[in-house]
Amino acid sequence: MRLLACATALALSVPATPAAPTAFVYGYAWPDGQGHLRVVPRSAALKAVAGAKELRLDYTGAAYGRITVACDLKETEGRANVDAKGLGRTMCKPADLAATLGRGPVPVRVEHRGGKATRVNEILVKDWPDPRLAKGTLKRVNDTTVLFATGGKTVKLGYAYTTTFSRTTARCGDGWLAGRPVNASQNGLGKKDCTWKDLTKALKGVRHPVLVKIDYTPGVDSLNQVWEIFGDA
């Protein structure tokens, strides 16, 4: 009994490890592996935050609030279910979040703790930033992410099934700049319409950055279209 009492007293004297505090972040979420998302912090108005660092969070146990009136809808279809702050309140499951992330960038507010998202709410955004055209080099990060370098700066861009890929090659599945440029315009830009999966396959076959022209959306960091470029055009 004396040993048990001593053990109990010792256990009670050891301070409990405090739980990690819950934090929150606004930004555009992208898929980043099975059950994970990545998000670059933005302000509540989704404006750039100086020095903000990208977060990678596990969302497999997160509550998910959509702005749509049903979990399986792709768009609001004119009816949004949001609170006074514009946050989605149709409660859905992590599998619904996975489906949404697969369609492209998602403006969100994420509560997280210890590397895990505990709550993800979509944000109703009426006006998206304007897209831009730029020429530079593209380097693969993974199947949905690339690094684009231009003018001495490098940005990480995400892409999804909505991204188009314009090729100079004869077939969509050819290697980068493989064969004769039968589908190149006079200025060397690809003009054969291909898909985001063809882009993934082509980038997997090269180890160095490749010359491209792109259409992308700054702020959202979304890659909308990629043109393969033949030669130094």
> Taking only pairs six or more apart or across chains, which ones have beta-carbon atoms under 7 Å, a first residue in segment 186-213 that is of a type in the set (Gly, Ala, Ser), and a second residue that is part of a loop (DSSP other than H, G, I, E, B) and surrounded by fewer than 17 Cβ atoms within 10 Å (Cβ to Cβ)?
Replying inline: Gly188/Gly231; Gly188/Ala233; Ala202/Gly175; Gly205/Gly175
>> Which residue is nearest to Ala160 (Cα to Cα), if the candidates are limited to segment 198-230 and must be open to solvent by less than 10 Å² (accessible area, probe 1.4 Å) and part of a strand (DSSP E or B)?
In response: Leu223
> Can we say Arg38 is open to solvent by 40 Å² or more (accessible area, probe 1.4 Å), touching a Phe, Trp or Tyr at 6+ places or on another chain (Cβ under 9 Å), of a type outside the set (Asp, Glu) and in a strand (DSSP E or B)?
Replying inline: no
> Quick check: is even one residue across segment 205-227 acidic (Asp, Glu) and either in contact with a Lys or Arg (Cβ under 6 Å, 6 or more places away or on another chain) or over 30 Å from Lys53 (Cα atoms) (or both)?
Replying inline: no
> Tell me, which residue of segment 17-31 that is over 11 Å from Arg119 (Cα atoms), of a type in the set (A, V, I, L, M, F, W, C) and open to solvent by 30 Å² or more (accessible area, probe 1.4 Å) is modelled with the highest pLDDT?
Replying inline: Ala20
>> So the check is Cβ under 7 Å with 6+ separation or different chains; which pairs have a first residue in segment 137-151 that's of a type in the set (Asp, Glu) and a second one that's surrounded by 15 or more Cβ atoms within 10 Å (Cβ to Cβ)?
In response: Asp143/Thr200
> Would you say Ala134 is small (Gly, Ala, Ser), in a strand (DSSP E or B) and surrounded by 14 or more Cβ atoms within 10 Å (Cβ to Cβ)?
Replying inline: yes
> How many residues are open to solvent by 50 Å² or more (accessible area, probe 1.4 Å) and modelled with pLDDT of 95 or more when one looks only at segment 115-129?
Replying inline: 2
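The values are calculated or read from the model by the stated rules, or taken from the named source; none is laboratory data. Source: prediction; values computed, not measured. Please note: Cβ atoms are built from the backbone with ideal geometry, for glycine as well, and neighbour counts cover all protein chains shown. Just so you know, the surface numbers come from the protein's heavy atoms only, side chains and all, with ligands and any DNA or RNA stripped out. Shrake-Rupley method; radii C 1.70, N 1.55, O 1.52, S 1.80 Å.
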